[in-house]
Amino acid sequence: MSDYEGGPANEDDLSLPRATVYKLIAEMLPEDIVCAKDTRDLLLECCNEFIHLIASESNDVCEKEAKKTIAAEHVLTALQDLGFGKYVTEVQEAYDEHRKQQTKDRGRKSTKLSQLGMSEEELLRSQELLFAEARMRFQSQTSQAPSNDSTPASANSTH
């Protein structure tokens, strides 16, 4: 898990979406303040550099713990190590809120499944039957289709 050694094929491959950052900038500023394009581009570069810095430091923390996957705790430690400790509580709260939302979304998906009134096995059997029926319809259509090799007898005769 060392630093990324190959250069990106395109600078935008490792960049935040420009439109999204521009929208965030506009939302953060008072309505009577306009932000020049050069300034927005500079802020975008700063955001990208900050993310790369945090990711790199998080990777270092992860390697020190002999882990292979960067976890939220590694990011929080990286923020602390880089001198951004005053943001750790806010980042932790945002992460906790994200986790709650994920749990809700998973619950909605499982609720949809339970509302169908069929077990997962029954749904799979039904799906297999539908695929088999579709396969049979397709095969019967292809076997009934006229072959392009045969030409009508009237097309071969000349008048």
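Brief remarks on what is shown
- Under the convention that each Lys and Arg Cβ holds +1 and each Asp and Glu Cβ holds -1, the size of the dipole of the stretch 28-119 around its Cα centre is about 880 debye.
- Taking other residues whose beta carbon is less than 13 angstrom from the beta carbon of residue 33, and scoring Lys, Arg as +1 and Asp, Glu as -1, yields -2.
- Rounded to the nearest whole Hz, the Karplus-based 3J(HN,Hα) values (6.51 cos²θ - 1.76 cosθ + 1.60, θ = phi - 60°) of the stretch 35-49 follow the sequence 10, 5, 4, 4, 5, 4, 5, 5, 5, 4, 4, 4, 4, 4, 5, with x at glycine and proline.
- Members of 37/104; 23/67; 23/64; 64/86 lying beyond 30 Å, as alpha-carbon distances in this model show: 37/104; 23/67; 23/64
- Chain lengthening between residue 140 and residue 88 when straightened (0.36 nm per residue, less Cα-Cα): 12.3 nm
- Rounded percent of accessible protein surface that carbon and sulfur make up, the stretch 12-132, 1.4 Å probe: 57
- For the stretch 119-140 versus the stretch 12-68, the spacing of their alpha-carbon centroids is 48 Å.
The values are calculated or read from the model by the stated rules, or taken from the named source; none is laboratory data. Given the structure is predicted, the values throughout are model-derived calculations rather than measurements. Note that we place each Cβ from the backbone using ideal geometry, even for glycine, and neighbour counts take in every protein chain shown. Please note that ligands, DNA and RNA were not included when accessible areas were found on the heavy atoms of the full protein model with its side chains. Shrake-Rupley method; radii C 1.70, N 1.55, O 1.52, S 1.80 Å.
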